[in-house]
1. Take D229 and K270, extend 7 Å from each Cα along the Cα→Cβ direction, and tell me the distance between the two endpoints in nm.
2. How much length is gained if the chain between D90 and T324 is pulled fully straight, taking 0.36 nm per residue apart and subtracting their Cα-Cα distance, in nm to one decimal?
3. Grab the chain and count how many Lys pairs have their alpha-carbon atoms under 15 Å apart, sequence gap of 8 or more, or different chains.
4. Work out the FRET efficiency for D83 and A257 from their Cβ-Cβ distance, taking R0 = 25 Å, and round it to the nearest 0.05.
5. If the elastic network links every pair of Cα atoms under 10 Å, which of V139, V75, V321 fluctuates the most in the Gaussian network model of the chain?
6. Compare E133, E166, E246 in a GNM of the chain, Cα atoms joined below 10 Å, and give the one with the largest fluctuation.
7. Computed FRET efficiency, Cβ-Cβ of A169 and T244, R0 41 Å: what is it to the nearest 0.05?
8. Need the full-extension length gain, A209 to L179, defined as separation in residues times 0.36 nm minus the C-alpha distance. One decimal, nm.
Amino acid sequence: MLRHLGRLLALRRLQGTLLLLGERGLGKTTLATIIARALTCERNGPSATEAPRLWFCGECYACRSIAAGQQPEYVMIRPLGQDIKKEQLDEKSGALYGASLHPAHLSHRVYVIDEAHCLNETTSNQLLKLLEEPPRRTVFILVTDKPQLLLPTIHSRGMRINLLAEPPARLATYLTPDLPGISGEGIAEAALMAAGRYVDARALALDPAWRASVASLAEALGTGSGLLDRAARAAEYELAFLWTKELADLGLDMAEAEKLIDKARLNELKRQALITAYDRAALWLVRHAPPARGFAPAYFRLTARIRQNVDPLLAQAAFSVELTAGGGGRALPEQAGLSR
């Protein structure tokens, strides 16, 4: 699929809608940005000597303006709160302004709709008007980890690309030659905590303190004791990681981001950070110590409550009570300590 996509990009024949699907954290939004840059790069084109690829030069006007977040014909649309609003998709005054027009600066106009499952029925139908008869030089890239929430008519309009997580053992083999200074055990730990996500695994492998915070939270999940402090510490690492990725996706520096990223988006990143911290810790716990009876249902309720905007402090307190009622916890054995 990626080879076919690379050929379409090199020939400038990509048009219509792409659906990038897969679990959270697999790099879908990053891939969307790469596709946009490869499509619009002034130096990317068909070659008789090279196979088609997702390539961009990084130096032309298109590449530099997208990377700097200063390209009006490359637009990233994200939910405001829990939904993508009708006003965001307005063709006259919203983010889709000019979508039906021929591009003036790039070879294509590119609209990336991140967390596309946050389109409600109204905004989905609003978007469909463009997707049904897409302008010739306009490409829509819809990114989601919940494709089942998209309308069937949206699915039928797009080329689907499914991103899959790698098994920890295979991921570790990819990391080993890239990180010669990290022990094999440290790489294995990072690969497990990353749940098959290369970028996460690499960052975890390079940061023993981050891995230690995950293991510490795993111990708290197993016992139900000290949960709040350890979760907050692990979530700090996750938020810093998500924030760095956000800046890169939007082409912003820290000062610009503080002005342009609204409170609703920041709160969403904090919620994602906390959930991801718990997910990593749960993986570590399950691998190294059998969880207490009743752990699984209590854990799923915990993360569901956080996703539903329940106060995290209340959600975590409820988990501790439910875990204790389900039969108590078990501490992680000493041999599960992290390697540096």
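Bear in mind these aren't lab numbers, they're just calculated from the coordinates by the rules spelled out. Small disclaimer: the values here were computed from a predicted structure and weren't measured. As a convention, Cβ positions derive from the backbone with ideal geometry for all residues, glycine included, and neighbour counts pool all protein chains shown.
1. Using points 7 Å along Cα→Cβ, the separation is 2.1 nm.
2. Taking 0.36 nm per residue and subtracting the Cα distance, the gain is 79.2 nm.
3. So the count works out to 5.
4. 0.65
5. V321
6. E133
7. Plugging the Cβ-Cβ distance into 1/(1 + (r/R0)^6) gives 0.90.
8. Stretched fully, the A209-L179 segment lengthens by 9.1 nm.
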